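Novice: Provided herewith is a single structure, encoded as structure tokens, for subsequent inquiry.
The values are calculated or read from the model by the stated rules, or taken from the named source; none is laboratory data. In this text, all values refer to a predicted model and were calculated from it rather than measured experimentally. With ideal geometry, Cβ positions are generated from the backbone for all residues, glycine too; neighbour counts draw on all protein chains shown.
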Amino acid sequence: MRRNRFWPRPAFTLVELLVVIAIIGILVGLLLPAVQAAREAARRMQCSNNVKQLGLAFHNYHDTFRNFPINGAWRSMPGAGGGGPAIANTGKSWPQMILPQIEQSNMFNQIDFRVGLQGTTPNILQNQIIANTVVPTFLCPSDGENGSGRLNNRSDLNINPPGSWAVTNYKACSGSNWNAGLAAWNPVSAPGGRNGGNPDGLNAGNGILCSNQNGTNPVTRMRDLTDGTSNTYAIGEAMPSWTLWNWWYNPNAVTANCAQPLNNVLRRPRRLNDWPNNYSFASQHTGGGNFGLGDASVRFVSDSIDLVIYRAFATISAGEVVSSND
């Protein structure tokens, strides 16, 4: 029998369409957090790999030069600009030093270590270009606030216009001794080991590397890590957008301490020039951050870690009793 062409065709009602749309919305709402969690897990793994590469670079540098990368400046050097500018003009940072170890030899070879960053000579301008070059290994993919690797108005410069400079999400551990900032963050310096009893963790840290603005802190060798390489933080995560003291070319902007609790700076109002309270480690990863240890292993450290243990892992030779299970 031939069907009448005017016979009504089956179709969804408006209510049925709304129900289907609602169900799809619910399913998307359930799926989205899982997708975001998977993406963050991948970013965290990439960050961990970056820390691993930097840790291996420390060891490869040590194999070549018999010490870990140097980091420091001559703040009082005559004619260098005085104060912060002198640091930027005379400094050599550990990220500069390990460039050949992370497949950036061409960049390293273009740096003229005889001059600084202030001036208009060709060599100085070339150094400025290098200092503004983004190095992917120095960036955590989870940090959406790092300006894709460049931020303005960085520390220790007197250049007009100030321009932008390449930053880093990874800093070397200066230790746990610290005499600046909030009283609650000023621990009694461990009496033993390097710089025992010295509260100036900025220039005389009891960790693997410090700012060393006067060039007085000694180089660090593997044999100096008497607390154990697996019990010593070498590198940790940092947030460039929470402090002016973060750009990889400057030795005064590539170290952080464990006197201040992990991620504590993120729980306070953002004050970029509050250096006494933001020379610390912080991460965008939920619940903690990645740290590279002296043996080049990588560990995710919870930001609820006991502060005594956290500080103990920051020293290289203070004699605290901790284990890799803490």
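Novice: Just wondering, is there one or more residues in region 94-111 that are at pLDDT 95 or above, touching a helix residue (DSSP H, G or I) at 6+ places or on another chain (Cβ under 6 Å) and hydroxyl-bearing (Ser, Thr, Tyr)?
Specialist: no
Novice: Sticking with this structure for a sec: Sort through 236, 294, 228, 288 and tell me the only one that's under 19 Å from the mean Cα position of the chain (by Cα) and farther than 30 Å from residue 107 by Cα.
Specialist: On the way: 236 fails: farther than 30 Å from residue 107 by Cα; 294 fails: farther than 30 Å from residue 107 by Cα; 228 fails: under 19 Å from the mean Cα position of the chain (by Cα).
After ruling out the rest, the residue left standing is 288.
Novice: Still on this structure, I have one more. In region 56-108, which residues are more than 20 Å from the chain's Cα centre (by Cα), under 20 Å from residue 224 (Cβ atoms) and part of a loop (DSSP other than H, G, I, E, B)?
Specialist: Hits for region 56-108 are 66, 67.
Novice: On to the next question. Condition first: part of a loop (DSSP other than H, G, I, E, B), buried (at least 20 other Cβ atoms within 10 Å of the Cβ) and touching a helix residue (DSSP H, G or I) at 6+ places or on another chain (Cβ under 6 Å). Now tell me which residues in region 112-171 satisfy that.
Specialist: 116, 117, 139, 140, 142, 146, 156, 157, 167, 168
Novice: Another question about this same structure. For residue 253, only one of the following conditions fails: (1) buried (at least 24 other Cβ atoms within 10 Å of the Cβ); (2) touching a helix residue (DSSP H, G or I) at 6+ places or on another chain (Cβ under 7 Å); (3) not β-branched (Val, Ile, Thr). What is its number?
Specialist: Failing condition for residue 253: (2).
Novice: Wholly within region 247-326, which strands (runs of 3 or more DSSP E) include no fewer than the required count, namely at least 1 residues that are free of Cβ contacts under 8 Å to residues at least 40 places away in the same chain? Explain how you work it out, then say what you get.
Specialist: Numbers: elements: 255-257, 288-293, 298-302.
Of the strands (runs of 3 or more DSSP E) lying wholly inside region 247-326, those with at least 1 residues that are free of Cβ contacts under 8 Å to residues at least 40 places away in the same chain span 288-293, 298-302.
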